[in-house]
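Enquirer: Handing you a structure now.
The values are calculated or read from the model by the stated rules, or taken from the named source; none is laboratory data. On a predicted model such as this, the values are computed, not experimentally measured, just so you know. A quick note on method: Cβ atoms are made from the backbone with ideal geometry, for glycine too, and the neighbour counts reach across all protein chains shown. Quick note on the areas: whole protein, heavy atoms, side chains included, nothing else; ligands and nucleic acids left out. Shrake-Rupley method; radii C 1.70, N 1.55, O 1.52, S 1.80 Å.
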Amino acid sequence: MSQIMRHNRWMLVLVAVLFAGFLSAVLIGPLGTLQPAPVGAQTSRMSSSPENVTGDDAVNAAGLNAAPTFNCENTNFDFKGGVYGDTILNPGDDGANAAFRLPEGIDTSSVIDFQPMITLMDGWQFFGSWQLLGTQARHADIAGMWYLISPRINLFDVSQPITLTFEYDLDQDAIRGWVEISINGSGWVDLYPGPGQSLEKGSGKKAEVSLSDYAFSIIQLRWGLETTCQCGDSKVCGDCTNHFVVKNVEIKGGIGAEDGMGMEELEHRLYIADTGNHRVQIFEYESDGSTLTFKGFTLTPDDKPGSYGDGDGEFHLPEDVVVGPDAVVYVADTGNHRIEYFDADGNFLGQFGSYGDVILSQGDPAEDAEFNSPSGVAASAWHLISSFENGPDADYFFLYVADTGNHRVQRFKIEKNGGTPKYDGEWGYYGDADGEFNSPEGIDIDPIETPEDLGLGAPIPCELENWEARVYVADTNNHRVQSFSLQGDFKAKIGSYGDAIPSQGATTGVEFNSPQDVGVGIRLEGMLGFVQGCASRLVDLHVADTGNHRIMYLLRQEDADDHEFQNQFGRYGDEDGQFNSLAGIAADRLHPDDVGLESDIFTTDTWNHRYQRSSRQVGGGMLP
């Protein structure tokens, strides 16, 4: 692929003059002289907004439009943090005092500690063949198979480890008892103890089941009982001893869940690519938004601020970070034209890529990949395979890289059993037609896709849904967002250049100015009733509309290709809810003790050298 130089957004002669001294201090500081990038290499997107001009003058000098204030209902900017600098906090320090230099990329890693309500279910009906006696469900009058069912549970943004635990009694006269799972709207498949097998019979039993293979998915569970008990026409038959009691069901997962902490102690994580300081900072925060504290380490050798370099674990202007379903942290090391990856505690695991524009062959090792200033990275959910012996098992997931200077997206396969990441295709080249890019920077994924190759039937009692995942790319210099299938097939484009605010629900007329990132949130919505627990999947798409200093919020319902505009919030400034060229955005699943109905939005407010968090509740027919 021939390399086309990335356009230099917004830069005027005045800005270049103002930047000459500033960039030396910000990017070099105490580190000495930076080594030049290879000839023709992309420069960092950091240098895209004036620093010494303020207010409307700064907006005009950069060729930007200050978006009008729009107060989004149910949106609250509940905390922010950051000052200009390169100091490192002590473990447990208040994250509001963190120091940044032009932070860009951001990602969250959520936790869940949830005790779901289980509901009686009899085939397609809900009626009296079970008794609900507190936490006890007892079969009453008819031979056959009977079920208890959970609501749908949102594991979006929750990485491994994830564990299901429950207690049960299974009568000796029962034929068998077992647990099944539906994944992303699929039909039911045996989960535990295995296809055709039975839970151990007896009273006071406990079970522990790994759900790590379903990270970043929406799942639903049901407990089955097969019995021969027949007691005539009586609806409640005291002579029948067949019964299956299920109680104390708990799902616990995410980074830190393996430590055995209580529900109140599980905390989400926040990862910020502190670009100008050549590091990634890691914080923890509670689901109620009350605190955000420094975790105690950064992804830099020896925790030194500004660990500029190209060795293992060193960075040159890292611009994005993502946590995969494997709990591995992947970093777009932009200035070094590579991807580095670390374990959840910041220990270096590996890296791949170098400067260039080569196109690899399918299955080539990722270490042979070439990038030109990769600015975005995103991870899918696990791809599942199924066998009669094992049920649905994780096989691999995809890591997507926005190869900015080469105007393309590259995809890599990360296998569950380890080994070298492998190249798995790419799409895009320079242009403005469908599927073409002009300096794509941000990338994120709606990972919820019904697994076609599991060979499953229709889920009971929910409808068969056939959800499709999407890859969203901020096509920065084309002033739009494009969406694709996981395989790279073009699906839709959103936006054109401008600063207009369309009417709520509009699917056209959305305008952006150099959007640099996209953040996907997955939530569940549905009504109680006959299809108890069958919540629909809705996709919240948040766009960091960088040049307009605002966040644009759009909604995709089920598998529609259109995205409905909902709201926008923010304008130029440095007050709460205002931005100066925000460059990164991410959504979490918020509450660790529910099915995942709400989300919080985190942004890197780049030229204010800080992060902000907005908590937003979305209403309407929510499941409990």
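Enquirer: Of all residues in the stretch 347-370, how many are acidic (Asp, Glu), farther than 16 Å from Lys413 by Cβ and either at pLDDT below 95 or not in a loop (DSSP other than H, G, I, E, B) (or both)?
Expert: Qualifying residue count, the stretch 347-370: 1.
Enquirer: Starting from the stretch 470-498, take each residue that is acidic (Asp, Glu) and list its partners that are buried (at least 21 other Cβ atoms within 10 Å of the Cβ), counting only C-beta distances under 6 angstrom and pairs at least six apart or across chains.
Expert: From the stretch 470-498, the pairs are Asp475/Phe437; Asp475/Pro440; Asp475/Gln482.
Enquirer: Here's another thing I want to ask about it. Any idea how many residues of the stretch 215-248 are at pLDDT 85 or above and open to solvent by 10 Å² or more (accessible area, probe 1.4 Å)?
Expert: 3
Enquirer: If you go through the stretch 92-126 one residue at a time, how many are part of a strand (DSSP E or B) and either modelled with pLDDT of 75 or more or within 22 Å of Val321 (Cβ to Cβ) (or both)?
Expert: Residues that pass the stated criteria total 11.
Enquirer: Same structure again: Which of the residues that make up the stretch 314-339 are more than 24 Å from Leu582 (Cβ to Cβ) and touching a Gly at 6+ places or on another chain (Cβ under 7 Å)?
Expert: His337, Arg338
Enquirer: Can you name every residue in the stretch 324-359 that is open to solvent by 30 Å² or more (accessible area, probe 1.4 Å) and acidic (Asp, Glu)?
Expert: Within the stretch 324-359, Asp343, Asp345, Asp357 qualify.
Enquirer: Out of all the residues in the stretch 294-313, which are open to solvent by 10 Å² or more (accessible area, probe 1.4 Å), closer than 22 Å to Ala583 by Cα and modelled with pLDDT of 60 or more?
Expert: Ser307, Tyr308
A quick yes/no check of all residues on (1) open to solvent by less than 20 Å² (accessible area, probe 1.4 Å); (2) polar (S, T, N, Q); (3) at pLDDT 95 or above:
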{"position": "Ala378", "(1), (2), (3)": "yes, no, yes"}
{"position": "His383", "(1), (2), (3)": "no, no, no"}
{"position": "Pro392", "(1), (2), (3)": "yes, no, no"}
{"position": "Asp395", "(1), (2), (3)": "no, no, no"}
{"position": "Tyr400", "(1), (2), (3)": "yes, no, yes"}
{"position": "Arg411", "(1), (2), (3)": "no, no, yes"}
{"position": "Gly419", "(1), (2), (3)": "no, no, no"}
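Enquirer: Hey, could you check the stretch 457-484 for residues that are open to solvent by 30 Å² or more (accessible area, probe 1.4 Å) and either modelled with pLDDT under 95 or among the aliphatic types (A, V, I, L, M) (or both) and say which is nearest to Ala560 (Cα to Cα)?
Expert: Glu468
Enquirer: List the pairs whose first member sits in the stretch 170-199 and is closer than 22 Å to Ile153 by Cα, whose second member is open to solvent by less than 20 Å² (accessible area, probe 1.4 Å) and acidic (Asp, Glu), and whose Cβ atoms are under 8 Å apart, counting only residues at least 6 apart or on separate chains?
Expert: Close Cβ pairs (under 8 Å, with a partner that is open to solvent by less than 20 Å² (accessible area, probe 1.4 Å) and acidic (Asp, Glu)) amount to Trp188/Glu180; Val189/Glu180; Asp190/Glu180; Leu191/Glu180.
Enquirer: Further, regarding this structure: If I filter the stretch 165-192 down to residues being over 23 Å from Ala379 (Cβ atoms) and under 26 Å from the mean Cα position of the chain (by Cα), which single residue comes out as least open to solvent (accessible area, probe 1.4 Å)?
Expert: Filtering first and then ranking leaves Gly187.
Enquirer: Modelled with pLDDT of 90 or more, closer than 26 Å to Ile255 by Cβ, touching a strand residue (DSSP E or B) at 6+ places or on another chain (Cβ under 6 Å) and not in a strand (DSSP E or B): does that describe Leu541?
Expert: No; evaluated as a whole, the condition is false for this residue.
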